[in-house]
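This report concerns only the one structure given below.
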Amino acid sequence: MTKRIFSAVFLAAVCVFLASAALFMGVLYDYFSDVQCRQLRMQTDLAAQGVAGLGSDYFTNLPADDYRISWIDADGVVLYDNQLATAAMENHLERQEIQQALAVGIGESRRYSDTLLQRSIYCARLLPNGTVLRLSVAQNTMLTLLLGMLEPMCVIFFIAFGLALLLASRQAKKIVEPLNNLNLDEPLSNDDYDELAPLLNRLDLQQKQIRRQENDLQRKQLEFETVTSNMQEGLVLLNRQGLILSVNSAAARLLGAEEAAVGRDILTVNRSLELSALLDKAAAGEYAEKVLKLNGGEYQLNASPVLTDGTVSGMVLLLFDVREKMKAEQLRREFTANVSHELKTPLHTIAGCSELLVNGLVKPEDTTKFARQIYGEAQRMINLVEDIIKLSHLDEAGGDMRCENVDLYALAENTLKLLLPVAEAAGVELTLQGQPANLFGAPQLLSSIIFNLCDNAIKYNRPNGSVKVAIINDETNVTLTVTDTGIGIPPECQERIFERFYRVDKSRSQAVGGTGLGLSIVKHAARLHNANVNVQSVLGQGSVITVRFSKNAVK
Ligand code: ADP
């Protein structure tokens, strides 16, 4: 820009100078022509007086100078000419200046002389004897003037040229300097040029808009990052070609990608063929899902195409852990198999006994025995079905349990009342100690915890054994402890007794009417109350099962 301004100013200065010089030359030329004419007229008048007085003698010894003197008679015949031989000269009557002099006494003209072959000024004066004296001088041409003025003009031109250079360069810098120093961060603080005000206003407005949009974008980006980085699920956004646009930390961990995964092809991050096939499907506009083993776990990958105007512009890959789901499915399968198996045995027994009874194959004195067996097996089935229903309620509707303030001690008293006959029948002493302990929980579930633990403690006890139930109420916890003097649980089984249908000794469990679900119900109900269940047991000596409820454990 500085260069352009410099060139413009410099050119303008040079043009102005040249135009002024041309004008000046023109004016000067006119001025010198006038001066020449006036001098010629004066000389003509002087010479006319001389010729009028002296006649042709005047021309004798007339020094030859720049002037051409011609004497012409009234008929146009040249009587004398100081530069040419009169004999060879044509009649001058028709010359403009001669005509004028003959008419008004003086005549002037400027023209190209055919005789002298140059541009001349002519001045003619009528003499009293009717002849005409004419003086002429070669007129200075513009070129002559120019050549004459060349030296001073050149000096002046070079001075003007230098000045123009200096001024143009200074001016260009001066104009550009404020532009270079414009504060574009705060456009409105610049007030050097009024002409820039609309531009600067516009710039300011656009900057504000950009800042607003930038803030919006940053906020949205932050929101997106906060949400995605805290997601358990992995989330990857890809463009149509499979380049990663965004990847959250969970996905980066699962795919084994470091921080710099953005911008890379996802298949360079994870080379799994299944992943590649999944993304190919999504790129073709189809939703696809697959369970893959990643990082030692099982994850479901959902790949969905992102459609813009009906064409795939990108893909979203969602990865989530399905280990729990798979485990739950596995457990459900096992549970179903176990239930069928558990029901099959009593049903077979019932079917066998009833068949014998129907076919009259049982002796009349054995009928009661068979009927009791059918009743016993049916009772077992009822217990089993009840426990299954309880468990499925806990599985499905555990969240809907109605909680209230419960005194665990009073609840234990009531529950133990139900079990006293059982304990007595087994020859086991059942006692309760402790103090009232208020707890926020579901009374039915808490009761089933106490019932199952005490029922087991009686069932797996020895004759003349004891079961001690204690409720301890301290500042932070309410603890239920059931201590028995029973057969004990082997250390390797202590973890597993809470599994559904797990029994240490199946035949003993069945003999005492166990379903294998009692402790599962305990564990589940305790979990719903955020309580801890702990088992301490010595084989052959007895077990202590503790359930610790935190007082502020509200479901
Ligand atoms: P069950 O209906 O068979 O009693 P549970 O789930 O209540 O089923 O108990 C699982 C298994 O744990 C029982 O079969 C038994 O072997 C063992 N068990 C539970 N409580 C005790 C205990 N107090 N003493 C010894 N063994 C026990």
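Criterion applied to 445, 419, 453 was being more than 19 Å from residue 467 (Cβ to Cβ), within 16 Å of the ligand (Cβ to nearest atom) and touching a residue at least 12 places away in the same chain (Cβ under 8 Å), and the one residue passing it is 445. In this structure, residue 178 does not satisfy being of a type outside the set (Phe, Trp, Tyr), out of contact with any Ser or Thr (no Cβ under 7 Å at 6 or more places or on another chain), at pLDDT 85 or above and closer than 30 Å to residue 10 by Cα.
Just to be sure I understand, how many residues within the stretch 486-498 are under 12 Å from residue 538 (Cα atoms) and within 8 Å of the ligand (Cβ to nearest atom)?
Here the count works out to 5.
Tell me which of these residue 511 doesn't satisfy, since it passes every other one: (1) more than 8 Å from the ligand (Cβ to nearest atom); (2) buried (at least 16 other Cβ atoms within 10 Å of the Cβ). That leaves (2) as the condition not met. Filtering 155, 137, 176 for residues that are assigned by TED's automatic domain parsing to the domain that holds residue 47 and either assigned to a helix (DSSP H, G or I) or over 60 Å from the mean Cα position of the chain (by Cα) (or both) leaves a single hit, 137.
Restricting the first member to the stretch 491-520 and to residues that are touching a residue at least 12 places away in the same chain (Cβ under 8 Å) and over 13 Å from residue 335 (Cβ atoms), and the second to residues that are more than 7 Å from the ligand (Cβ to nearest atom) and among the charged types (D, E, K, R), the beta-carbon pairs closer than 6 Å and six or more apart or on different chains are 498/523. Evaluating residue 426 against the criteria (1) away from the ligand (no atom under 15 Å from the Cβ); (2) out of contact with any strand residue (DSSP E or B) (no Cβ under 6 Å at 6 or more places or on another chain) leaves one unmet condition, (1).
Give all pairs with beta carbons closer than 6 Å in which a residue from the stretch 354-382 that is in the same structural domain as residue 340 (by TED's automatic domain parsing) and within 30 Å of residue 501 (Cβ to Cβ) meets a residue that is of a type in the set (Val, Ile, Thr) and surrounded by 15 or more Cβ atoms within 10 Å (Cβ to Cβ); count only pairs at least 6 apart in sequence or on separate chains. The qualifying pairs are 356/362; 370/362; 374/350; 377/349; 377/350. Screening 7, 20 for residues that are under 60 Å from the mean Cα position of the chain (by Cα), in the same structural domain as residue 144 (by TED's automatic domain parsing) and among the polar types (S, T, N, Q) leaves exactly one candidate, 7. In the stretch 358-373 there is at least one residue that is outside any helix (DSSP H, G or I) and either in contact with a Gly (Cβ under 8 Å, 6 or more places away or on another chain) or surrounded by 12 or more Cβ atoms within 10 Å (Cβ to Cβ) (or both). Take the residues in the stretch 456-485 that are assigned to a loop (DSSP other than H, G, I, E, B) and under 60 Å from the mean Cα position of the chain (by Cα); name whichever of them is farthest from the ligand (Cβ to nearest atom). The selected residue is 475. If you go through the stretch 437-446 and keep only what is surrounded by fewer than 19 Cβ atoms within 10 Å (Cβ to Cβ) and either at pLDDT 95 or above or in a helix (DSSP H, G or I) (or both), you end up with just 444.
The values are calculated or read from the model by the stated rules, or taken from the named source; none is laboratory data. Since this is a predicted model, take the numbers as computed values, not measurements. Don't worry about glycine lacking a Cβ; one is built from the backbone with ideal geometry, like all the others, and counts go over all protein chains shown.
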